[in-house]
Amino acid sequence: MASGFSDAESSTLTSVLDEIIPPSRDGKLPGAGELGLVDYIADAVEKSPDLKPAILEGLSTLQDLSGGRSSDGFSALSKNEKAELLKELATTSPAFLPGLTYQTYLGYYQHPRVLEGLGIPGRPPHPKGYELEVGDLGLLDPVRARPKRYREC
Amino acid sequence: MPDEVVDVLIVGSGAAGAALAWSLADTRMKIVCLEQGDWMDPAKYPTTAMDWQLRGFGDMGLSPNGRGRPEDYPINDSESPIHVSNFNAVGGSTILYAAHFPRFHPADFKVRTLDGIADDWPIDYRLLEPYYDENARMMGVAGLEGDPAYPPKKPTLPPVPLGKLGETLGRGFNKLGWHWWPSDSAIATREYEGRAPCINLGPCITGCAQGAKASTDVTYWPVAVRRGVELWTRCRVREITVDENGMADGVLYYDAEGVERKQKAEVVVVACNGVGTPRLLLNSVSSHFPDGIANRSGLVGKNLMFHPYAMVMGLFDEPLEGYKGPTGCCIMSQEFYETDPSRGFLRGYTMETLRGMAPLSTALWGMSSGQLSSGEGHHESYQQLWDRTAGMVVICEDLPEECNQVTLDPELEDGNGIPSPKIDYRLSENSKKMLEHCVARGKEVLEAAGARKTYAEAPLGVAGWHLMGTARMGTDPQKSVVNEWGRCHDVKNLFIIDGSIFVTAAGVNPTNTIQALSLYIADKIKQNLANLFD
């Protein structure tokens, strides 16, 4: 319960997060569930009175729907079964996936491992900053060759 | 100092207040500045922490209505397609500005004479030129000499790096034979006057942790304070008070504990921006000024000008390293700046290229535009967007219209119970045509640079960055609020020095001109000290 979700909810949520953002095929980027974003989502849910009921209700519905297919819950289902249930959930709990997807993106694209996977340092910009080429100012030669562009007055 | 009368009392410590305070400091007068915000701590700016991408939407966001900082005042801008952006702290909105730092053109001061619309300014470029130069020394302006769009001027620092993104877009402009030039930027590109050099952090618009960006808390204020100017923070001014002769005699303000206090002054200077200044004047009601102080013309709050902005973005095939470098400062184009009536509108605009998006912004933009899928294919669709965006904001000249105005909201108040401003603003037909034109030209140049897809938003709703015209300058007291050197026609010891006094808006960012005007007005005050109120 460290995250504020029950163990069963955490397990289901982790699987759902990996469905929203699965690991990349080249292995450079982790899945959102594997990244441990459950705690981030729990924090976001606690801070957002609008989001909380939608997420809790969605998880509950998903656990119920999964129970009919596997005693081990949503995470034990096949890829296709998970996709089917999430599609069904989009009808029965329409606020669940959009709200969760948005929060997942927020957590995922701020994570150091993801930044590194994208090829940028997994740290805040300051204090190290970034190197940037001055660039070729010779590209301005045609502009320099043109007459003045302002009106004298 | 409840009973002490200070010589000069400045309200607001932003771009204008800081410059004037610094300039007047050499008079050895007793100068006090009241600022409703506090000193910022750059070590706490977003780029120092892992949540740097998100805080620009939160406590360091552009809108005072969304930030929720106690020093902010709410603004009712529901009747405007453009929403006000500002910041309340020592340094004012320079804390969050992009530091794009162009000058006005000479023609911008002669709009009526040259183009037959709006009004001429009572001053001109040549008069302001030495103050632009002085401001460049104080703020530190990076740029490149030789821009054919301007009279000769000497930047104080080397230009900001073009990077791969700037080169790519520059080639696009060249392909079309259009003007472009590295942007004049108030950014220390090398160590300058104790400020560390820019290290290309990216989001300048959430505060510069490096101190390279020239916000006035790191430029004018440290010098002004060393020279004896007193800067009192967390002091929110409610109204300017007048004596029995209708002269300003000080202000009523609330201190950090919310206690109402009076500060007397010989001269009051208002520097609260194009929305905060009319708000303060309209809240300063007395028997001498039943419609607000200095408002006998009825023009306080009228003629509000924003700059209508368009944003035009392109998606490129190659990575552009766009997450590096000053967000808003790269290159600019004034190909369409001067009036050409054949375009269907008068006056013109500047294209200001932007760096690319950070990882999170890329995801959120992809989500909202329907280009980013979740589930299988997520990473492939993300890679189509990540570090492939480049584009521009286009800053269109607005024209003064009395129907665009700042008034007092009958219900909304700040934390001290002071009535808040209400904005009524609509886009003119001229602005609509200009926006349409600039979106088409923006897409054209991005395609010439290699964009495979383009996107546009116009007007850009969040772009109420520039607040001008609401206490305009002029020689006729019936048609203006202040004279040609910022002194109110109706109250000869009351000065206004911010963007409120602009007669027209030009098609460039106003901060450099606000500060040049402020330095000029300070000089006029010094020159006229012996007979300042005559």
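The values are calculated or read from the model by the stated rules, or taken from the named source; none is laboratory data. What you see is a predicted model; the values in this text were computed from it and never measured. Please note: Cβ atoms are built from the backbone with ideal geometry, for glycine as well, and neighbour counts cover all protein chains shown.
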Residue in segment A:137-148 that is part of a loop (DSSP other than H, G, I, E, B), surrounded by 13 or more Cβ atoms within 10 Å (Cβ to Cβ) and facing chain B (nearest Cβ under 7 Å) present
no
Every residue in segment B:158-180 that is surrounded by fewer than 23 Cβ atoms within 10 Å (Cβ to Cβ), in contact with a helix residue (DSSP H, G or I) (Cβ under 9 Å, 6 or more places away or on another chain) and not in a helix (DSSP H, G or I), please.
B:Gly177, B:Trp178, B:His179
Could you tell me whether any residue of segment B:130-139 is touching a residue at least 24 places away in the same chain (Cβ under 8 Å) and at the interface with chain A (Cβ under 8 Å from one of its Cβ atoms)?
no
If you take the residues of segment B:103-119 that are in a loop (DSSP other than H, G, I, E, B) and within 12 Å of chain A (Cβ to nearest Cβ), which of them is surrounded by the fewest Cβ atoms within 10 Å (Cβ to Cβ)?
B:Lys110
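Listed here are the residues, each with its yes/no results for (1) more than 20 Å from the chain's Cα centre (by Cα); (2) aliphatic (A, V, I, L, M); (3) at pLDDT 95 or above.
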| site | (1), (2), (3) |
| --- | --- |
| B:Asp7 | yes, no, yes |
| B:Gly12 | no, no, yes |
| B:Ala19 | no, yes, yes |
| B:Ala43 | yes, yes, yes |
| B:Met50 | yes, yes, yes |
| B:Asn76 | no, no, yes |
Among helices (runs of 4 or more DSSP H) entirely inside segment A:1-73, those with 2 or more residues being under 17 Å from A:Tyr105 (Cβ atoms) and at pLDDT below 95 are A:38-47, A:51-67
Scan segment A:74-99 for residues that are in a loop (DSSP other than H, G, I, E, B) and under 13 Å from A:Ser15 (Cβ atoms) and report the count.
2
Of all residues making up segment A:50-87, the number that are of a type in the set (D, E, K, R), free of Cβ contacts under 8 Å to residues at least 40 places away in the same chain and surrounded by 13 or more Cβ atoms within 10 Å (Cβ to Cβ)
5
Filter segment A:22-41 for residues that are surrounded by fewer than 20 Cβ atoms within 10 Å (Cβ to Cβ), in contact (Cβ under 8 Å) with a residue 24 or more places away in the chain and within 14 Å of the chain's Cα centre (by Cα) and give the result.
A:Ser24, A:Asp39
Search result, residues across segment A:106-130 that are without any contact (Cβ under 8 Å) to a residue 60 or more places away in the chain and either more than 7 Å from chain B (Cβ to nearest Cβ) or not in a loop (DSSP other than H, G, I, E, B) (or both):
A:Pro112, A:Leu115, A:Glu116, A:Gly119, A:Pro121, A:Gly122, A:Arg123, A:Pro127, A:Lys128
Of all residues in segment B:33-48, count the ones that are crowded, with 16+ Cβ neighbours inside 10 Å and part of a loop (DSSP other than H, G, I, E, B).
5
Within segment B:347-441, considering only strands (runs of 3 or more DSSP E) that don't extend past its boundaries, which have at least 2 residues that are within 13 Å of another protein chain (Cβ to nearest Cβ) and either modelled with pLDDT under 95 or in contact with a strand residue (DSSP E or B) (Cβ under 8 Å, 6 or more places away or on another chain) (or both)?
B:349-354
Restricting attention to segment B:140-149, the residues that are over 17 Å from A:Leu137 (Cβ atoms) and within 11 Å of another protein chain (Cβ to nearest Cβ) number exactly 0
Residues B:Gly61, B:Gly66: which one is out of contact with any strand residue (DSSP E or B) (no Cβ under 8 Å at 6 or more places or on another chain), at pLDDT below 95 and in a helix (DSSP H, G or I)?
B:Gly66
Quick one: is B:Asp124 farther than 15 Å from A:Leu132 by Cα, within 10 Å of another protein chain (Cβ to nearest Cβ) and acidic (Asp, Glu)?
yes
Is there a residue being surrounded by 24 or more Cβ atoms within 10 Å (Cβ to Cβ) and part of a loop (DSSP other than H, G, I, E, B) anywhere in segment B:512-524?
no
Segment B:333-346, subset more than 27 Å from the chain's Cα centre (by Cα) and free of Cβ contacts under 8 Å to residues at least 24 places away in the same chain, residue nearest to the other protein chains (Cβ to nearest Cβ)
B:Pro341
Filter segment B:206-234 down to residues that are away from chain A (no Cβ under 13 Å) and either touching a helix residue (DSSP H, G or I) at 6+ places or on another chain (Cβ under 8 Å) or touching a residue at least 40 places away in the same chain (Cβ under 8 Å) (or both), then give me how many there are.
18
